[in-house]
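Peer 1: Just passing along the structure, written as structure tokens.
Throughout, read-outs are computed from the coordinates displayed, never taken from laboratory work. Being a predicted model, the structure only gives us computed values, none of them experimental. Cβ atoms come from the backbone with ideal geometry, glycine included; neighbour counts cover every protein chain shown.
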Amino acid sequence: MSGAKKVLLIIIAIVFVFSSNIFIISKSLQKGVSQDSFFENLLKEIDIKPILIQGLSLRLQEELAQEDVEEIQETLFSAIDESWIDDNLALVIEDVKSFLKGEKDNLESVLNFQEIKSSIMEETTLQERLDLSESLGLEGDILEMIPDEIYLAEILGDFEDNRETRNVFLTTVTRAYKILKIALYVVLAILAIIILLVAGLITGLKWLGISMAISGASIIVQISLLRGMVLSQEAVQAYNLLFQEMNKISLIYLASGLTLFVASIIIKKTRKKDEVQLQDS
């Protein structure tokens, strides 16, 4: 094989590896993000407690000074336990997940604050709460200002208002993925054909096999590096869905590449053996 052909094959192989990496990543993203558990684990990474308290406190800001609202926030914050968070987090995740996926246009879940109010009532006396109200320039029990329930839409109003952006994003991503998927199939097929035409069948299979094996191995190495950068357990669980899909497709690529490489060697040896037999005969 001439030097020019080798240089051309190296360039084509590099383009093939690069295109294959894009194909593996895009295919993995499409499969991973489409699973409900991806959204669930990703949303679990968010600390919901301060978000809920901040949203609840919005109801008080028209009547109280900012420092007084912050004092009530601290009282509410200390009263929220993990069991309440877990129960309500499930509602929030399901609601937000459906909204993000475009399955509905409004947040509908209702958060119940009666348990928190009961907890505050058990840990404080009526007089203490009345004294707190008086210090804030209010009348009556401070608990009366806290609603028994609140709609998630009241807390995440700005988030819900972004539905138009969400719709545009979902439409754009879906359309872009369809175009990208078709384009990558065509590009990879053309590159494979060019390799076979330039190098010939046997050598072409070897080059194609090596290119596919490098593509799969490079993604596997990248996944190992990325896993080391993910810190929280929830993030690991969310991104693991993507990593698993990438690993699966990368291993298929790696195995297919090695198979083609071995097949090219076997075919070459078989042909040589047949040629020797023909010469002997």
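Peer 1: What's the ranking of 16-24, 2-10 by average number of surrounding C-beta atoms within 10 Å, highest first? Walk me through the numbers before you get to the answer.
Peer 2: Numbers: 16-24: 19.9, 2-10: 11.8.
Ranking, from highest mean packing down: 16-24, 2-10.
Peer 1: Ordered by packing density, taken as the mean number of other Cβ atoms within 10 Å over each peptide's residues, highest first, how do 118-130, 184-196 rank? Intermediate results must be reported in sequence, preceding the final value.
Peer 2: Details: 118-130: 13.0, 184-196: 15.4.
Ranked from most to least packed, the peptides come out as 184-196, 118-130.
Peer 1: In sequence order, what are the phi-derived ³J(HN,Hα) couplings for the range 113-129 according to the Karplus relation 6.51 cos²θ - 1.76 cosθ + 1.60 with θ = phi - 60°, rounded to whole Hz, with x for glycine and proline?
Peer 2: Working through the residues one at a time gives 9, 5, 5, 5, 5, 5, 5, 5, 5, 6, 8, 10, 9, 4, 5, 4, 6 Hz.
Peer 1: Using a 10 Å cut-off on Cβ atoms, rank the peptides 242-253, 102-113 from the highest mean neighbour count down. Present the calculation step by step, with values, prior to reporting the outcome.
Peer 2: Values: 242-253: 19.2, 102-113: 14.9.
Ranking, from highest mean packing down: 242-253, 102-113.
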